[in-house]
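To keep things clear, I will list the structure first and then write my remarks on it.
Quick note: the coordinates plus some simple rules give every number you see, no bench work behind them. Since the structure is predicted, the reported quantities are computational estimates derived from the model, not experimental observations. Neighbour counts run over all protein chains shown; Cβ positions are idealised from the backbone, glycine included.
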Amino acid sequence: MYRADGYRVRTNSPMYEIAPYIMDKRYDASNSIMEEIDYEILRDYTLKCRERGEAVSHMAVIIAAYLRVASQNPFLNRFVMNKRIYSRNHFCVTFVTLSKTDSTTIKIYFNLDDDVFTVNKKLNDAIESVKEKGESTAMDRIANTLLSIPGLLTAGVSFLKFLDKHFWLPFGICDASPFHTSLFITNLASIRVDAIFHHIYEFGTTSIFCAMGLPKTKVVKDKDGEFREHKVMELGIVTDERIADGHYFGRCFREFSKYLHNPELLEKKPERIVKDTDIKHKNPKFIVR
């Protein structure tokens, strides 16, 4: 079945097909892992970038690392809807940022071969539009419309959920919705909060949620056997286990850690993109390149 945001996966093993019937809700299929990354490596890399005239954020490096892993492991860009597994025909990331008066969600589309500098520029451009220009997002405009008439919000959300589950949402709604995303990430360090395991929403198609925590100092044993203080950042990651098995996720997180320990690898485009076999290029707006 075709959706505006993806294609039905029809090449899965029987166990993948059965899993959504056993666990028909995302909260029932949620697995959590706390990834600990070397904050000092991350900090030193961003400082080197600044010396070269590139103000690269910590979030940009983390998103670029995840994007690189997803470019080689297409199952990460799958989602489950109404007990069926779909492969997205795009890659996007949703996050929350502070505007002049309030917080708002932003969704950005990436190409799978984007390097860390391209990721950083897209992030900065989107945040600049919200913070400085005061531009509202498409989701803000939809929310304001639903709130403008008493009772419309309940009926409207219920209708959208029904369409999303049994048919498909129009392109404009998928595009505007922050819950229809490849990755939802939040930077809790910006509000001085430790990493948490954030739930993945039942509405929409979010299969991975990552929460960046406040850097903290830990005592670690180095390769010489000496104990010393070291700064780390925890990432609370929640996944929908129906899109991939434990072995697949484990390999992906090892690759993710590799890139975060060697951010320079993200400055070059990947040599190749591993595409999901169930992707068909029909809609030019939603294409994974």
Fill in the blank from the handout: Quick calc, residue 223 & residue 84: beta-carbon distance into FRET formula, R0 35 Å, rounding 0.05, result 0.15
Completion exercise
Asserting the computed 222 nm helical MRE of the chain (DSSP H runs at least 4 long, -39500 (n - 2.57) per run, divided by residue count, to nearest 500) equals -11000 deg cm²/dmol
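How charged is the neighbourhood of residue 258? Take every other residue with its Cβ under 11 Å from the Cβ of residue 258, and add Lys/Arg as +1 and Asp/Glu as -1.
On the way: positive: 68, 251, 254; negative: 255.
Summing Lys and Arg as +1 and Asp and Glu as -1 gives +2.
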Exercise for the section: Please list the radius of gyration and Dmax for the range 1-59, considering alpha-carbon atoms only, with Å as the unit. Expected result: 20.5, 53
Completion exercise
Links exceeding 32 Å between C-alpha atoms in this model, out of 48/223; 121/221; 131/216, come to 121/221
Problem - Degrees between helix 152-166 axis and first principal axis of the chain (Cα, 0 to 90, nearest 10) - result: 90
Handout entry: All-pairs Cα distance distribution in the chain, expressed in whole percent, bin size 5 Å
Key = 1, 5, 11, 15, 18, 17, 14, 9, 5, 3, 1, 0, 0, 0
Practice task
Scan around residue 113 for amide H atoms under 5 Å from its own, H built in the peptide plane at 1.01 Å from N, and keep only partners 5 or more places away or cross-chain.
Solution key: none
Problem - Theoretical FRET efficiency, 1/(1+(r/R0)^6), r = Cβ-Cβ of residue 271 and residue 152, R0 41 Å, to 0.05 - result: 0.25
Practice task
Using just the alpha carbons, could you tell me how many Å³ per residue the convex hull of the range 188-266 encloses?
Solution key: 143
Practice task
Subtracting the Cα-Cα distance from 0.36 nm times the residue separation, let me have the gained length for residue 203 to residue 12 in nm, one decimal.
Solution key: 66.4 nm
Completion exercise
Two pseudo-spin positions, 7 Å from Cα along C-beta at residue 34 and at residue 50, lie apart in nanometres by 2.9
Completion exercise
With label points set 7 Å from each Cα along the Cα-to-Cβ direction at residue 166 and residue 124, the distance between them in nm comes to 4.8
Completion exercise
Taking a ≥ b ≥ c as the square roots of the eigenvalues of the Cα gyration tensor, with a/c under 1.5 meaning rounded and otherwise prolate when a/b exceeds b/c and oblate if not, the range 1-134 is prolate
